[in-house]
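First the structure, in the form of structure tokens, and then the observations on it.
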Amino acid sequence: MNVITSFFERREQKQILFERNALLDLTLHEIANDVRKRFMSFYDESLFIQQELEETCIDLAIEAYLVGASYSKFSFHGESEEQVLSRASSELKQFTDTLFDFWLFWSESEAYEKLYVTCELFLKCWWQVGFKKGERRYRMRLH
């Protein structure tokens, strides 16, 4: 007897499998080093706060990476990276706002504009890394 699954269940299973495979190319050490390099000037003295901020940055970098990897399918079908980036801009903006708000809550920094630009560039960088690796996976037919 066959098991009947819905379209949404199947799509969710495919998405999870794609994300698992995309995460094989990513190392947490690489992200953590990037977080420390970019956000070092905004850290406070408290080690607990630094660790909490670093973990949140890593989480959102992974999310941006996965969004970039999943949006790379549009590049495979002929769109340029700029077009795909504009397609994903709302999600990147949401991630940027979330990270910026988190930093505002925990940090005592007064350089709001510089902090926002740093958050934006950090997430855009990890989106592009995911996009490039996803593009490579599509070219190699590993999706």
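The values are calculated or read from the model by the stated rules, or taken from the named source; none is laboratory data. Treat the numbers as computed from the prediction; the structure is a model and nothing was measured. All Cβ positions, glycine included, derive from the backbone under ideal geometry; neighbour counts span all protein chains shown.
Residues in segment 61-81 that are within 9 Å of the chain's Cα centre (by Cα) and either free of Cβ contacts under 8 Å to residues at least 60 places away in the same chain or closer than 13 Å to ASP34 by Cα (or both): ALA61, ILE62, GLU63. The set of residues from segment 1-23 being surrounded by 14 or more Cβ atoms within 10 Å (Cβ to Cβ) and of a type in the set (D, E, K, R) comprises just one member, GLU19.
Among the residues making up segment 24-38, those that are more than 14 Å from GLN50 (Cβ to Cβ), surrounded by 15 or more Cβ atoms within 10 Å (Cβ to Cβ) and of a type outside the set (D, E, K, R) are LEU26, ILE31. When PHE122, PHE102, PHE95, PHE74 are checked against the criterion of being buried (at least 17 other Cβ atoms within 10 Å of the Cβ), at pLDDT below 90 and of a type in the set (Phe, Trp, Tyr), a single residue qualifies: PHE74. Only residues that are touching a Ser or Thr at 6+ places or on another chain (Cβ under 9 Å) and surrounded by fewer than 18 Cβ atoms within 10 Å (Cβ to Cβ) were counted across segment 79-92, and they come to 2.
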